[in-house]
Amino acid sequence: MSTIEIDRLKAQIAALQRKIDTPMPEQERNELSAAQVRADAVAAKFGEASASKPIPGETAIQFRKRLAGEYKKHSPRYRNANIEMIGDQALLTAAEEVIYADAAAAAVDPSNYRPFEMRAVKERDAAGREVTRWVGDSWAWRRFFSDGAKIGFINDPRRG
């Protein structure tokens, strides 16, 4: 490698380091957080811990497009759309709403499950408590009881 190429790479590294070290404005940080919360809610419906995290130096718009791109495969309307080409923030917000709603619906649609697959969906009830609901193929439990055993009740006052 020539010294010119090395100097050019060093300059690029320094520019990236400045970008990472620059404090993020509060509004940008709030937008990143809001995008993460929306995507995490959909990820939870798929039984995933969380969606992708922001990449250092990534803007809120870039992050929102990347997250929507991860879930667009579940949206009939946006499946083949190029999310990167959406330039207007209002159009991106509208696209996100449709993509996330379609993905959330697909997450609990039984036709989208493989045979014997169940997912734990964590949600909040009206009181704000975290509730785990299992969705999918209920026959999946049979593989655990192939010898004909029955599911019992533990500490159930109705059973004695």
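Could you line up Ser52, Ser75 from fewest to most neighbouring Cβ atoms inside 10 Å?
So the ranking, lowest neighbour count to highest, is Ser52, Ser75.
Assign one of three labels to the range 25-107, namely rounded, prolate or oblate, based on the Cα gyration tensor with a ≥ b ≥ c the square roots of its eigenvalues; rounded applies when a/c is under 1.5, prolate when it is not and a/b is larger than b/c, and oblate otherwise.
oblate
Of Thr93, Thr132, how do they rank once you tally other Cβ atoms within 10 Å and put the fewest first? Mind showing how you got there, number by number?
Values: Thr93 12, Thr132 9.
With the sparsest Cβ surroundings first, the list reads Thr132, Thr93.
Can you pick out the pairs among Lys19/Lys53; Lys53/Lys73; Lys19/Lys122; Lys10/Lys72; Lys10/Lys73 whose Cα atoms lie more than 28 Å from each other?
Correct reply: Lys19/Lys122; Lys10/Lys72; Lys10/Lys73.
Using Cα pairs closer than 8 Å and at least 6 residues apart in sequence, work out the relative contact order for the range 25-107, in percent.
Working: 72 pairs, mean separation 25.2, N = 83.
With pairs under 8 Å counted, the relative contact order is 30 percent.
Just grab the label-to-label distance for Asn30 and Ile6, each label 7 Å out from Cα along the Cβ direction, in nm (one decimal).
4.8 nm
Starting from 0.36 nm per residue, how many nanometres of slack lie between Asn82 and Ala49 once their C-alpha separation is accounted for?
Extending this stretch completely gives an extra 9.2 nm.
For a quick check: sort Phe46, Phe63 by the number of other beta carbons within 10 angstrom, fewest at the front.
Ascending Cβ contact count within 10 Å gives the list Phe46, Phe63.
Would you mind calculating the gained length between Val131 and Leu16 on full extension (0.36 nm times residue separation, minus the Cα-Cα distance), in nm to one decimal?
37.2 nm
Every read-out reported here was derived from the displayed coordinates using simple, explicitly stated rules and does not represent laboratory data. As the structure is a computational prediction, the values presented were derived from the model and not from experiment. Cβ atoms come from the backbone with ideal geometry, glycine included; neighbour counts cover every protein chain shown.
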